[in-house]
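This is the structure I want to talk about, given as structure tokens.
Read the figures in this text as sums done on the coordinates, not as results from a lab. Note that the structure is predicted; figures quoted are calculated from it, not measured. Cβ: placed from backbone, ideal geometry, glycine included. Neighbour counts: every protein chain shown.
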Amino acid sequence: MSDVIPFRKPSLKEKHKGNTLCRHGHHKWEVDKTKQFDVKQGKLVTIYHCVRCRKQKVMSI
Ligand SMILES: [Zn+2]
């Protein structure tokens, strides 16, 4: 039985897989269509939010 490889149970890391991607900068961006005007810049922008961590980014058109 020397060829039995001991497997570790899935750790907590598995549960946070999505957020791990986010922490490495791989967000899942989705366009937020409700907010498309930047008051400060006074022009139309596209606002994205990450569906996993809710982080936002703004892209000028
Ligand atoms: Zn994210």
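Neighbouring Cβ atoms within 10 Å as the yardstick, rank His24, His49 fewest first.
Working: His24 8, His49 17.
Starting with the residue having the fewest Cβ neighbours, the order is His24, His49.
Moving on. How much length is gained on full extension from Gln56 to Lys33, taking 0.36 nm per residue of separation minus their Cα-Cα distance? All intermediate terms of the calculation are to be shown ahead of the outcome.
On the way: separation 23, 0.36 × 23 = 8.28 nm, distance 1.27 nm.
Gain in length upon complete extension: 7.0 nm.
Can you sort Arg23, Arg52 so the residue with the fewest Cβ neighbours within 10 Å comes first? Mind showing how you got there, number by number?
Numbers: Arg23 11, Arg52 17.
The fewest-first ordering by Cβ neighbours comes to Arg23, Arg52.
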